[in-house]
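The values are calculated or read from the model by the stated rules, or taken from the named source; none is laboratory data. Small disclaimer: the values here were computed from a predicted structure and weren't measured. Cβ atoms come from the backbone with ideal geometry, glycine included; neighbour counts cover every protein chain shown. Heavy atoms of the whole protein, side chains included, go into the accessibility calculation; ligands, DNA and RNA do not. Shrake-Rupley method; radii C 1.70, N 1.55, O 1.52, S 1.80 Å.
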Amino acid sequence: MPSNLPLRCLATLACASLCAVAQAQPVTTALAPLKDNTLYSNPEGFFSNGAGEYIFVGRNAGRGGAAPRRGLMQFDFSSIPAGSQITSARLTMSVNWFRGGALSVGLFPLLASWGEGISNAGGGEFGGGGGGAAAEANDATWTSRFNGGAAWTTPGGDFSSTSLANTSVSGVGQYQWSSAAMVAQIQAWFDAPQTNNGWLLKGPESSIGNAKRFGSRENTDPALRPSLEITYVIPTPASAVALAGLGVVALRRRR
């Protein structure tokens, strides 16, 4: 009688492969920003905050001319295994100083690259850094993507007109952004990294005195730094799926 050892081996491998497929589990990782900055409304593009501890969104009161501030932020997704499927995303940011009442802050995909230089507007309490610092080489400013170099097509940043997610930001504390649109955008950036220019954070700018100060990636307090929590599923190798299929066929023929 012919030996059925090869079939048994194939069956074992098939079962192992099928188990691997069935037991594929989502993986969650927390990412820190690759870079961040603040755009300070100024027609000459004098100000930035590339290396500062804070990101500003909204409009200050008297300090800084009551002009709008918009945040910039970009994440690097290269640490996620190639071919992965992004299933959820949640951005967490912390406010430690604010003016006015609640402000709906949206995440808008940026349409052009930008820079983070060594400008530092300082910190301290009572809105420290809200006036910006002199822009340094490669800093993003209101008028330039890279100070001394490429300009924005539209002053204040080139970004999509549709926000991916909005969160009402009021007092001191942590705030989160999460949506299906965020997941889809991150997946698109992950699949085509050259299209990833990050997000612009912006709130309504019709009223003055509603600025919110978020911790940046350079903040001395790790608890105030932004974090993007990504959950993804690692793809099952095609070879494992094929082997599983062969094993099932072999078992059926044997029976």
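Here G129 fits the description: crowded, with 17+ Cβ neighbours inside 10 Å, over 21 Å from the mean Cα position of the chain (by Cα) and on the phi > 0 side of the Ramachandran plot. Considering S79, S88, the condition of being of a type in the set (G, A, S), assigned to a strand (DSSP E or B), surrounded by fewer than 21 Cβ atoms within 10 Å (Cβ to Cβ) and at pLDDT 95 or above is satisfied by S88 alone.
Contact map, region 105-124: first residue open to solvent by 30 Å² or more (accessible area, probe 1.4 Å), second residue of a type in the set (K, R), Cβ cut-off under 6 Å, separation 6 or more or different chains; pairs are E116/K35. Here is the figure for region 169-202: residues that are within 23 Å of G58 (Cα to Cα), of a type in the set (S, T, N, Q) and exposed (fewer than 14 other Cβ atoms within 10 Å of the Cβ) total 2.
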